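Written out below as structure tokens is the structure these notes cover.
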Amino acid sequence: MQAQGDADGRIDWTVSVDSTTSRAHQHAAGARTDGHLQKESPGGVHDEPADHGLGRSRGGLKTKTHVACEQGQKVLSLIVTAGHRGDSPQFIPVLRRIRVDQPGVGRA
């Protein structure tokens, strides 16, 4: 549909990039009911891998959604990161993920 809209001249490729933070409930990660008996720190004994979409920060468990949209508010690309990741470092990766097939031959 986007390729057809582009071919018809209905898309002017003004792209907006924004992000939002979503907070997860403490039980989303299998929180203990007897936390006072827990031996390791609440963050665990290992660091979270960089590719996990749920991260622990001062505010608790959070996830961040970074989105690039065209002027008609259709999503062009989306990246999900842990909540403690910054918005600015995700700007270029979000833009690089935009792919719209073109009618005929050639690159998207």
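The values are calculated or read from the model by the stated rules, or taken from the named source; none is laboratory data. Please read these numbers as outputs of a predicted model, since none were measured by experiment. Using ideal geometry, Cβ is built from the backbone for each residue, glycine included, and neighbour counts are taken over all protein chains shown.
Look at V94 and say whether it is under 30 Å from D6 (Cα atoms), at pLDDT below 75 and not in a strand (DSSP E or B).
No, not satisfied.
For the stretch 76-108, name all the residues that are among the β-branched types (V, I, T) and under 12 Å from the mean Cα position of the chain (by Cα).
Those that are among the β-branched types (V, I, T) and under 12 Å from the mean Cα position of the chain (by Cα): I79, V80, T81, V94.
Select from the stretch 1-27 the residues that are among the acidic types (D, E) and part of a helix (DSSP H, G or I) and list them in ascending order.
D6
Can you tell me which residue in the stretch 60-73 is modelled with the highest pLDDT, limited to those that are under 26 Å from G9 (Cα atoms), part of a strand (DSSP E or B) and not small (G, A, S)?
Among them, the one singled out is V67.
Looking only at the stretch 74-94, filter to residues that are in contact (Cβ under 8 Å) with a residue 60 or more places away in the chain and closer than 23 Å to D8 by Cα; which one of those is surrounded by the most Cβ atoms within 10 Å (Cβ to Cβ)?
Here the residue is L76.
Would you mind stating whether A108 is part of a helix (DSSP H, G or I) and modelled with pLDDT under 75?
Judged against the criteria, A108 is not a match.
Under 7 Å by Cβ, and 6 or more places apart or on different chains, what pairs join a residue from the stretch 1-24 that is surrounded by 14 or more Cβ atoms within 10 Å (Cβ to Cβ) with one that is of a type in the set (F, W, Y)?
V17/F91
Kindly establish whether T33 is surrounded by 15 or more Cβ atoms within 10 Å (Cβ to Cβ) and either under 11 Å from the mean Cα position of the chain (by Cα) or at pLDDT below 85 (or both).
So T33 does not fit the description; no.
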